[in-house]
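Notes to accompany the following structure.
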Amino acid sequence: MKVFIVSSQKGGTGKSTLTVNLAALECQNKHSKVAVLDLDPQGSSIFWKSVRQSPEPKVLTVEPDSLLMTLSELEDDGYTHVWVDFPPVQKKWVRKSLQYADLVIIPTRASPFDLHSGSLTLDWAKEIGNKVVWVINGASVTSKTAEMVLHTLKKEAPVCNTIIHERNDFVLSIGLGLGVIEYAPKSKAASELKQLHQEIQRLSK
Ligand SMILES: Nc1ncnc2c1ncn2[C@@H]1O[C@H](COP(=O)(O)OP(=O)(O)O)[C@@H](O)[C@H]1O
Ligand SMILES: [Mg+2]
């Protein structure tokens, strides 16, 4: 079972958006059994599930203390992929829990403030020797700033080559409980997401 923890100390970087979208995409593989764990009291992933028609993925609220046990139960139940949506907090349990991930994903906007705020997660993951990667999300489609940030960031930290741009399909699909892959399968948003998904699968091996 692969565990992806999506975490950052910074709010609004796209943790929940990427979590539910990557999970919805994985659900299209009929060999996969997919779960999402929502550890954020804001409950964004839970909200998405509450308006979703499909029974897949399973989405659960989990308290930090129960994370390990829940992961172990999911593994016993034959789950193959779990995305974990973390809250933007700087707590000891966050640092400790990163060790349960096959890959820690840190979504960030392409701005110095966001990178600064998210870098604590990077430091924590590195300290415990875990695989970790930045994902640039919400990039402007009209400027090359994100490409420049990616180029610079690459020299000093692991970062996905796929840039997820700011696209309405990400916003509109959430309210319907859908992933962009289901809402607009031929869209640029879906195409970027598929590319990111492939990159993340490779990195988690
Ligand atoms: N790639 C994107 N394109 C457009 N809107 C996005 C994108 N990623 C996130 N958003 C929007 O930005 C806001 C914050 O995203 P969210 O996933 O809730 O962040 P977090 O979970 O890190 O707090 C939400 O309103 C969401 O719809
Ligand atoms: Mg969130």
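The values are calculated or read from the model by the stated rules, or taken from the named source; none is laboratory data. Remember, it's a predicted structure, so these values are computed and weren't measured experimentally. Glycine gets a Cβ as well: all are built from the backbone with ideal geometry, and neighbour counts include every protein chain shown. For accessibility, only protein heavy atoms count, side chains too; no ligands or nucleic acids. Shrake-Rupley method; radii C 1.70, N 1.55, O 1.52, S 1.80 Å.
Of all residues in region 14-28, exactly one satisfies the criterion of being within 10 Å of ligand 2 (Cβ to nearest atom) and surrounded by fewer than 24 Cβ atoms within 10 Å (Cβ to Cβ), namely G14. Taken over region 37-56, the criterion of being touching a residue at least 24 places away in the same chain (Cβ under 8 Å), open to solvent by 20 Å² or more (accessible area, probe 1.4 Å) and away from ligand 1 (no atom under 11 Å from the Cβ) is satisfied by P41, K49, S50, V51, R52, Q53, S54, E56.
Listed by first and then second residue, the pairs with beta-carbon distance under 6 Å, at least 6 apart or on different chains, first residue in region 123-138 and among the charged types (D, E, K, R), second in a strand (DSSP E or B) and at pLDDT 95 or above, are K131/L103. For region 2-13, the candidate set comprises residues that are open to solvent by less than 10 Å² (accessible area, probe 1.4 Å) and within 10 Å of ligand 1 (Cβ to nearest atom); within that set, the residue that is farthest from H81 (Cα to Cα) is T13. Highlighted here are the helices (runs of 4 or more DSSP H) found entirely within region 161-205 that include at least 3 residues which are free of Cβ contacts under 8 Å to residues at least 24 places away in the same chain: 168-174, 188-203. Taken as a whole, the structure places F47 among residues that are out of contact with any helix residue (DSSP H, G or I) (no Cβ under 6 Å at 6 or more places or on another chain) and farther than 28 Å from W124 by Cα. Only one of the numbered conditions (1) open to solvent by less than 60 Å² (accessible area, probe 1.4 Å); (2) away from ligand 2 (no atom under 13 Å from the Cβ); (3) of a type in the set (A, V, I, L, M, F, W, C) is violated by L68, and that is (1). Taking the criterion of being hydrophobic (A, V, I, L, M, F, W, C), within 11 Å of ligand 2 (Cβ to nearest atom) and more than 13 Å from T17 (Cα to Cα), the only residue of region 29-57 that qualifies is L39. Number of residues in region 118-151 that are under 23 Å from A190 (Cβ atoms), hydroxyl-bearing (S, T, Y) and buried (at least 20 other Cβ atoms within 10 Å of the Cβ) equals 0. Among the candidates E75, E147, the residue that is of a type in the set (D, E, K, R) and either assigned to a loop (DSSP other than H, G, I, E, B) or within 20 Å of L22 (Cα to Cα) (or both) is uniquely E75. P87 falls short on exactly one of the conditions (1) in a loop (DSSP other than H, G, I, E, B); (2) without any contact (Cβ under 8 Å) to a residue 40 or more places away in the chain, and that condition is (2).
Here's the yes/no breakdown for (1) buried (at least 19 other Cβ atoms within 10 Å of the Cβ); (2) aromatic (F, W, Y); (3) at positive phi; (4) within 16 Å of ligand 1 (Cβ to nearest atom):
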| site | (1), (2), (3), (4) |
| --- | --- |
| P64 | no, no, no, no |
| E73 | no, no, no, no |
| G78 | no, no, yes, no |
| P88 | no, no, no, yes |
| D102 | no, no, no, no |
| I106 | yes, no, no, yes |
| F113 | no, yes, no, yes |
| H116 | no, no, no, yes |
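Is it the case that G118 is at pLDDT below 95, under 14 Å from the mean Cα position of the chain (by Cα) and farther than 18 Å from V34 by Cβ? So G118 fits the description; yes. Do we have S173 as within 16 Å of ligand 2 (Cβ to nearest atom), modelled with pLDDT of 95 or more and not aliphatic (A, V, I, L, M) here? In short, yes.
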